Each structure stands twice: as C-alpha cells, then as structure tokens.
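Each value in this text was obtained by applying a stated rule to the coordinates, not by laboratory testing. Small disclaimer: the values here were computed from a predicted structure and weren't measured. FYI the Cβ positions are ideal-geometry reconstructions off the backbone, even for glycines, and counts take in every protein chain you see.
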Amino acid sequence: MTSDIYDQFPLLAHATYVNTPGTGILSKDILDWRRKHDEDYFQKGSTFRITQEHFLQQVREQLAAFFQANAATTFLVPNFSFGMNTFLDRLASSERFLLLEEDYPSVNYAVKSRGFKVETVPVDENLEDRILTKIREFKPTAFAFSLVQYISGIKLDLDFLKKLKAEYPQLLLVADGTQYCGTESFDFKSSGLDFLGASGYKWMLSGYGNGFVLLGEGITDRLYLNTVGQTLPTEPFLQGRTPLSLLFEPGHQDTLSFGTLQQSITYFNQIGKQAMGNSIRSLSLKALAAFSDRGLLAGSVAKRSLHSSIFSLSIDDDAHKRLQEANIVCMRRGSGVRVGFHFFNTEKDLSKILAVLDQHI
C-alpha cells in the first residue's frame with residue numbers, strides 16, 4: 001500500500017477496513033473540499049449558489065463520462081431508493097416483473113408494494129439459467145435486480161445481461177448498482193440496461209445524500225409522464241428543464257452532496273478505472289479461493305466462476321468478535337459476516353483476516 005493511500009485514508013493506518021458494502025470511507029481530499037465548500041457558503045450566503053446550475057451540470061457530465069452514459073439522461077438523486085421509486089411510479093400498472101429472491105428491499109419491496117404482477121427466481125450457482133427459464137415461462141415485461149447481491153456478493157454476469165437484452169429487446173432491465181458501481185470500469189451504453197441507479201455512499205466513497213440514475217435510449221416511451229395537455233413551468237429559473245429532469249430532480253439540489261460525488265469520480269479517474277478494477281478483481285479472486293478452501297462460503301458462491309468483491313463468511317459470533325478485536329471492521333449480515341474488498345485493500349488485509357479465522361477454526 002502506498003503512502004498516498006494512507007494519507008488519503010488515515011483510518012487504514014490503524015484498522016483493516018472491509019465494511020465498504022456497509023459504508024464507504026471518505027478521503028482526506030474530500031474532507032478538505034467539503035470544509036472549503038461550507039466555508040464558502042458561510043462567508044457568501046446566497047451568492048454562493050449563483051453558479052449552482054452550471055456546477056450541477058458539470059457533475060452530471062462527469063458522472064455520465066465515468067459510466068459512459070448519456071448526460072442528457074443522467075440524473076442526480078439523493079439515493080437509489082428515491083430514483084427507483086420515482087421510476088416505478090411512472091410505469092404502467094400492467095408491467096410484469098421478474099425479481100430475484102431475497103434481493104435488496106429497495107428493489108423487491110419497491111416493486112411488490114406497487115401491485116405489479118411478480119414472480120421470483122432463487123439466487124444460486126445456476127442463476128443465469130434460472131432467469132432464462134423463468135422468462136420463458138412467466139414472460140415478464142421487466143426484470144429488476146441488484147447487479148451484486150448485498151449479502152452473498154453473487155454478481156450477475158454482465159455479458160449475460162447483454163445477451164438477454166439482445167434476445168428480449170422489449171424486456172426492461174432495471175438494475176441497482178449500489179454494490180457494484182465504483183468497483184470496475186463500466187460502459188452503460190453497451191450494457192443492455194434500461195435503468196441503472198445507485199447510492200454513492202458505498203463503493204463510490206462519496207458519503208451520504210447522493211446517488212444517480214442513468215436511463216437508456218428509448219426508455220421514456222415506457223414511462224408514463226402524465227404531461228399530456230400540460231405545459232412545462234415557464235419560470236426563468238426552470239427554463240430548459242425536461243419532464244424527466246423535473247421528475248427525477250425536483251426541488252433544490254445539494255451541492256455539498258453531489259460535489260462530494262464529483263470529487264470521488266475525479267479521484268477514481270486519477271487512480272484509473274482499469275487499474276482500480278484490476279486491483280479489486282485480483283484481491284477478490286484470492287479471497288474467493290482462500291475462503292472456499294476453508295469452507296467459509298455458501299455452495300452457491302463457491303461453485304460460481306464469477307463473483308464480486310463481497311463475501312458472506314459462515315462464521316459464528318465468537319469468530320466475528322475475534323475479527324473485531326483485531327481491528328478488522330466488518331459486520332454481520334443475514335446468517336454470515338460480510339466483508340468486502342475495495343482498491344485500498346491489500347493482500348495483507350486478507351492475510352490478517354485469514355490468520356484470525358485460522359486461529360479460531
């Protein structure tokens with residue numbers, strides 16, 4: 001680990017932080033930027049916001065470039081749940097949804113609570129095959145899912161999603177990227193996804209109160225915007241707004257929160273998306289092998305060739321306590337203890353976790 005990483009994330013000097021699936025950490029540069037932001041607000045009052053529209057547009061454009069999306073259909077939202085709920089509220093009630101069993105409530109509850117016709121598939125080593133089978137049987141019009149499952153860490157095959165969209169072009173692919181975005185380079189335009197939403201406080205390392213929604217080409221045809229016979233607001237401060245921007249970005253936007261997201265993207269670009277993704281992938285493959293060898297992973301995870309950087313370890317409360325006593329920051333989720341490796345984690349972190357667990361086992 002370079003000294004620059006320690007400078008940016010002092011927490012790592014005295015703790016092994018593997019709880020990014022719960023909450024990402026903030027860098028020193030972001031802390032400094034946030035202090036300056038609020039100092040400007042403190043000193044300037046209302047004049048502080050004069051350039052806010054230009055600033056927020058810069059954030060959208062930088063976000064779109066980072067994920068290779070269209071800036072015109074990139075929206076800044078306070079969190080994934082807001083974006084998802086807003087999206088679902090504009091779909092026709094006749095949509096039929098396929099969901100994954102035990103997916104994150106912001107996906108499954110949001111869909112089920114609106115009364116859509118729903119069927120589910122279990123998440124196991126044969127996930128992609130199960131999805132195809134259910135699509136042929138149920139004939140859904142939409143498939144909503146997390147790209148990475150928040151407890152098990154099982155990751156959907158992105159190539160599978162592209163092929164799925166090619167075979168079923170009318171099937172809406174609605175994805176939660178909160179446990180994925182920020183872990184590797186991603187091309188939204190070629191992904192096959194119609195909707196990608198995410199909160200920024202996990203792998204994007206941008207704190208709370210910010211998230212984003214990326215919409216694919218042609219998706220507006222499926223959204224019921226309820227603008228027939230209505231005119232858009234004519235007030236000068238709302239000039240240039242589209243129905244979609246008024247839908248996903250109502251009211252004032254917090255420049256502190258979205259500026260933090262922009263600062264994270266700037267930092268990721270400095271590191272390099274490819275380098276960051278390679279680092280995470282390399283460490284995660286080693287962790288997958290080590291945890292599998294020790295029988296710490298569910299069979300559905302150990303039997304898959306593709307996995308994310310999140311692992312649910314089958315260990316008891318005593319083993320979890322020993323990890324905590326060794327200053328390894330992780331948390332219990334479901335029946336296991338969840339750990340996740342970001343670009344700032346190293347093989348030394350993995351070795352420390354294994355040493356504690358080997359002693360206990």
Subject >> Longest DSSP-loop-exposure-free segment, chymotrypsin sites (Phe, Trp or Tyr not before Pro), the chain, at most 16 other Cβ within 10 Å >> reply: 1-207
**OP:** Sticking with the crude label model, points 7 Å out along Cα→Cβ, report the distance from D316 to S94 in nm, one decimal please.
**Re:** 5.7
Original post:
Taking the Cβ of T74 as the center, what net charge do the other residues with Cβ under 11 Å away carry, scoring Lys and Arg +1 and Asp and Glu -1?
Top reply: -1
**OP:** Please report the relative contact order for the chain, taking Cα pairs under 8 Å with a sequence separation of at least 6, and give it as a percent rounded to a whole number.
**Re:** 24
Subject >> Efficiency of FRET between F160 and I271 - r from beta-carbon atoms, R0 30 angstrom, step 0.05 >> reply: 0.60
Original post:
Mind listing P(r) for the chain? All alpha-carbon pairs, 10 Å bins, whole percents.
Top reply: 5, 24, 31, 25, 12, 3, 0
Subject >> Diffusion constant of segment 1-127 at 4 °C, which comes from Stokes-Einstein with the Kirkwood Cα-pair radius and 1.567 mPa s, µm²/s >> reply: 68
Subject >> In segment 33-270, lysine pairs with alpha-carbon atoms under 24 angstrom apart (chain gap of 8 or more, or interchain) >> reply: 25
Original post:
Stretch F138-Y208 to full length: gain in nm at 0.36 nm per residue minus the Cα-Cα span?
Top reply: 21.4 nm
**OP:** Towards the positive end of the charge dipole of segment 33-270, with charges on Cβ (+1 Lys, Arg; -1 Asp, Glu), say which of F248, S190, P105 has the farthest Cα.
**Re:** F248
Original post:
Expressed in nm², what is the orientationally averaged projection area of the convex hull enclosing the Cα positions of segment 259-361?
Top reply: 7.4
Original post:
For S292 and Y109 in one chain, what is 0.36 nm times their gap in residues minus the Cα-Cα distance, to one decimal in nm?
Top reply: 62.7 nm
Original post:
Gap in Å between the Cα centre of segment 164-189 and the Cα centre of segment 295-314?
Top reply: 22
Subject >> Per-residue Cβ neighbour rank within 10 angstrom, fewest leading, S93, S300 >> reply: S93, S300
Original post:
Which length gain, in nm to one decimal place, applies between R35 and Q359 when the Cα-Cα distance is subtracted from 0.36 nm times their residue separation?
Top reply: 112.3 nm
Original post:
Could you work out the helix-only [θ] at 222 nm for the chain, with each DSSP H run of four or more residues adding -39,500 (n - 2.57) and the total divided by the number of residues, to the nearest 500 deg cm²/dmol?
Top reply: -12500 deg cm²/dmol
Original post:
What is the spread of the Cα atoms of segment 73-192 along each of their three principal axes, largest first, in whole Å?
Top reply: 36, 33, 28
Original post:
According to a simple spin-label model (label point 7 Å from Cα along Cα-to-Cβ), what is the distance in nm between H54 and S185?
Top reply: 3.2
Original post:
Just how far, in whole angstrom, is segment 111-127 from segment 244-285 if you go by their alpha carbon centroids?
Top reply: 29
